Amino acid sequence: MHEKTISSKMLYTGRILGLEVQDVQLANGKKALREIVRHRGAVAVLARRPDGKFVLVRQFRKPVEREMLEVVAGNREAGEDPEVCARRELKEETGYSVRRLVPLGFTFPSPGYVDERIDLYYAETGPDAGGINPDEDEHLEVVLLDRNSIVEKIGRNEINDSKTLAAWTQFVTIVETGAAAQGTRGAS
């Protein structure tokens, strides 16, 4: 099930994304058109303070015309290492510094039309935040929630951002379940 690219044309290149149109040949020999949004990649960071509160941000998202409650996230600079980006974004958006950073894998939010890859991280922070320094066009509110509040908000569809849900799922699977499994092994 492979598609062979016959031709491609970049129609638009902007500050954070590009739009490419490709003519492709399908495995069955038929031809099709693919519209692909090109993106240099991003990171998403689920951060937790020593008191157990998770650090999220609320911001207005113009494409969906609503405020969203999300993990810290941001676009990678050209050639920027995802871990460096994760540390930078957490500090800029929340004022918290990373004490421990755990990779949680990555997600492709909508691979049917965009090649964006979001690298997911879990961060343990210090107890206190410094000043925030968001991008000039960002308006963020830092929101602190305990684990139960996050689970309740997910259940009520109040947290419905895909990178946040992916980071939460990976955190529960890798960090929480992994810690529980290590505790079980250590007890035997």
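List Arg76, Arg99 from most exposed to least, where exposure is judged by having the fewest other Cβ atoms within 10 Å.
Values: Arg76 21, Arg99 12.
So the residues, fewest neighbours to most, are Arg99, Arg76.
How long are the three semi-axes of the equivalent ellipsoid for segment 41-187, computed from the Cα gyration tensor as the root of 5 times each eigenvalue, in whole Å, largest first?
Semi-axes (√(5λ), whole Å): 23, 18, 17.
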Exercise. For the chain, what is the mean residue ellipticity at 222 nm derived from helices alone (per DSSP H run of n ≥ 4: -39500 (n - 2.57); sum divided by total residues; nearest 500 deg cm²/dmol)?
Worked result: -6500 deg cm²/dmol
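Normalised by the residues of the chain, what does the relative contact order come to in percent, with Cα pairs under 8 Å and at least six apart?
Numbers: 372 pairs, mean separation 40.7, N = 188.
Contact order relative to length: 22 percent.
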Exercise. Considering only DSSP beta bridges with both partners in the chain, what is the antiparallel share in %, to the nearest 5?
Worked result: 85
Problem set entry | Reduced Cα scattering model of segment 101-188, Debye log10 I(q)/I(0), q = 0.17, 0.18, 0.26 Å⁻¹ | -1.01, -1.10, -1.34
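Just so you know, all these numbers are worked out from the coordinates, no wet-lab data involved. Keep in mind that this is a model prediction, so the values were computed, not measured. Methodologically, a virtual Cβ is constructed for each residue, glycine included, from the backbone with ideal geometry; neighbour enumeration extends over all protein chains shown.
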